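**Q** Input: one structure, supplied below.
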Amino acid sequence: MVTKSRIRLPKGEQKKFIDTAIARSGNAVAIAALLEISSRTVRDWRREKFLMSYEALQTISARYGISMPTNITIEDEFWYTTKGAHAGGLASYRKQGGVIGGDPVIRKQRWLEWYEREGRFNSNFGDNPLPFNKPEKSVVFAEFIGIMMGDGGMTSSQLTISLHNIDDLEYSEFVIKTMQELFNITPSVYHRVESSVNIIVISRSGLVKYLHELGLPIGNKVKQNFDIPDWIKENHDYMIACIRGLVDTDGCIFTHRYRVNGKQYMYKKMAFSSSSPPLIVTVQNFLKENGFHARVSRQGVNVRIESAADIKRYFELIGSHNPKHLKRYLN
């Protein structure tokens, strides 16, 4: 979305407009997805930290049926430019390793590369680590571990979870709230237009270290043959929650159709996919120990539940927090 011209409203009017939009859309993430921007930007607009773009105002007004505010002043594209902007930009460029402008995801990645190369040796960073809450082991925490093992990943200073912008939009809200509850941090959300993916991000080296100590791998999960951590395996309730997180992210519900004597039959199946052999074995064994007829595909990357009775029991025993799966099961 082009967002060049900015609007200036009387104090409180921009907040009022965004509040109405959030009420009608359901959340800031939905507005961010509509505009192809970060949900943090929407929240900054609500706080009136930054001016909205005129194009965004028009789009939100049309999409959610909200009247355009009165007393709008439209600023030109470079309303914020000052005499010191050039000097300040160069100073920021040098300080942060040449990372200014461009795609926010790429910008953050380049910043992290600079941080790993030289920034972490700066005492301004090392002496003041960013705070986070260390959650106790729990069902909620075990489910989060499953989510991370499914669609998550970690570098030495950042954790990310990548979810489809449309299919998993409602689930993204659940994941964000879970992260806020566990760590007392509001994640950043970046939208990748070319892949229709929302990337949920928390940058905390201390949090990464804590999660790594509890069994989450840093770097390529598959190459490390990752598996469910022992502290989860030792608790039945934790295992149920962790598998729920795994299947909600890397699982699917699909309809199998076939013909016999010219008559078509169809029924639902469920599959969980992973390229980590130890994880496939753990998931299959747990399901079998709990009475499911779970089989591994010939390729060894899928655990499947194929009978209607087993799928019904899965949703009764393990359940799902992903509306996408619930809708496909019930439809």
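**Q** I'm checking a number: the convex hull volume of the Cα atoms of region 6-75, normalised per residue, in Å³. What is it?
**A** Given the Cα convex hull of region 6-75, per-residue volume reads 72 Å³.
**Q** Packing-wise, with mean Cβ within 10 Å as the measure, how do 262-271, 153-162 rank, highest first?
**A** Packing order, densest peptide first, comes out as 153-162, 262-271.
**Q** Next up: Just to be sure I understand the model, the point goes 7 Å from the Cα along the line to the Cβ. What's the resulting Met266 to Val139 distance in nm?
**A** It works out to 3.5 nm between the two label points.
**Q** Of the listed peptides 315-326, 141-152, what is their order by residue-averaged count of other C-beta atoms within 10 Å, with the highest listed first?
**A** Highest mean packing first, the order is 141-152, 315-326.
**Q** While we're on this one: Gain in length, Arg63 to Leu326, computed as 0.36 nm per residue apart minus the alpha-carbon separation, to one decimal in nm?
**A** Difference between extended and current length: 92.0 nm.
**Q** Quote the relative contact order of region 242-288 in percent (integer), defining contacts as alpha-carbon pairs under 8 Å separated by 6+ residues.
**A** Relative contact order, region 242-288: 32 percent.
Each value in this text was obtained by applying a stated rule to the coordinates, not by laboratory testing. Keep in mind that what you see is a predicted model, and the values were worked out from it rather than measured. Note that we place each Cβ from the backbone using ideal geometry, even for glycine, and neighbour counts take in every protein chain shown.
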